[in-house]
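Take a look at the structure below.
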Amino acid sequence: KQEVTQIPAALSVPEGENLVLNCSFTDSAIYNLQWFRQDPGKGLTSLLLIQSSQREQTSGRLNASLDKSSGRSTLYIAASQPGDSATYLCASGSEKLVFGKGMKLTVNP
Amino acid sequence: KAGVTQTPRYLIKTRGQQVTLSCSPISGHRSVSWYQQTPGQGLQFLFEYFSETQRNKGNFPGRFSGRQFSNSRSEMNVSTLELGDSALYLCASSLEPGADTQYFGPGTRLTVL
């Protein structure tokens, strides 16, 4: 049974820092790894999807990598901004997504 | 193209009542999944529908049920509500099962008193 973990649960940083968010999973035979953003009281916004055959994906200031052998994925946020403040979740799977508990990010101006 | 819509956005019910939540997927999407989000358990998969058939089901009691209509719209029902059913219920749609990306709606916030 796949388990997904995100540590730490919360992070507060000053504006401009480069950030690395971590996600670990127990079953290396994953299908996809997705990163989502959730704003308070809202639904999820898909940020990046890494297919099992890929190593990384990039979108603007975001870069996500996947290392199946170590059971880890990282989301890199360059030059963080206050607007990046949200909860970031990673999820493994395709039809049945298994989510981590999320990491609440606060970027202070 | 309109995104995933969920109605109602907020609901308050009392223990023992039942509730029905609705989800309209993105036009052309035929797969709909439901998730429950609580502070303690996080996001948990409830079930997935495709072509009016339930394809996958999560580890929830039989009080939780759902269905999908021929136009791909989906409803989920919770009977005999318990306090622990208070949660944000999220619906996600995709073109078909196993499609790369699921697109999530804004959710329905259910409060059980």
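Quick rundown of the values:
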{"item": "Cα-only Debye scattering, the protein assembly as shown: base-10 log of I(q)/I(0) at q = 0.12 Å⁻¹", "result": "-0.64"}
{"item": "Principal semi-axes in Å for chain B [√(5λ), Cα gyration tensor, largest first]", "result": "23, 14, 13"}
{"item": "Taking B:31, A:59 and counting other C-beta atoms within 10 Å, the order from fewest to most", "result": "A:59, B:31"}
{"item": "Derived scalar couplings ³J(HN,Hα) [the stretch A:36-49; Karplus, 6.51 cos²θ - 1.76 cosθ + 1.60; whole Hz; x for Gly, Pro]", "result": "10, 10, 10, 8, x, x, 10, x, 9, 10, 6, 9, 8, 10"}
{"item": "Three semi-axes of the equivalent ellipsoid, chain A, Cα gyration tensor, whole Å, largest first", "result": "23, 14, 12"}
{"item": "Per-residue HN-Hα couplings for the stretch B:31-39 [Karplus 6.51, -1.76, 1.60; θ = phi - 60°; Hz; x = Gly/Pro]", "result": "10, 10, 10, 10, 9, 10, 10, 10, x"}
{"item": "Simple spin-label estimate for residue B:113 and residue A:22 in nanometres, 7 Å along Cα-Cβ", "result": "4.4 nm"}
{"item": "Whole-Hz ³J(HN,Hα) from phi, Karplus 6.51 cos²θ - 1.76 cosθ + 1.60, for the stretch A:9-22, glycine and proline x", "result": "6, 8, 8, 10, 9, x, 4, x, 6, 8, 10, 10, 9, 9"}
{"item": "Extreme residue, positive dipole direction of the protein assembly as shown, given options B:66, A:38, A:57 (C-beta unit charges)", "result": "B:66"}
{"item": "Summed side-chain charge close to residue B:55 - residues other than residue B:55 whose Cβ falls under 12 Å, Lys, Arg +1, Asp, Glu -1", "result": "-1"}
{"item": "Sum of side-chain charges, residue B:11 neighbourhood, beta-carbon under 12 Å (Lys, Arg +1; Asp, Glu -1)", "result": "+2"}
{"item": "Within-11-Å neighbourhood charge of residue A:27 [Cβ basis; K, R +1; D, E -1]", "result": "+1"}
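Every read-out reported here was derived from the displayed coordinates using simple, explicitly stated rules and does not represent laboratory data. Note that the coordinates shown come from a computational prediction; the quantities given were computed from them, not determined experimentally. Virtual Cβ from ideal backbone geometry, glycine too; neighbours counted across all protein chains shown.
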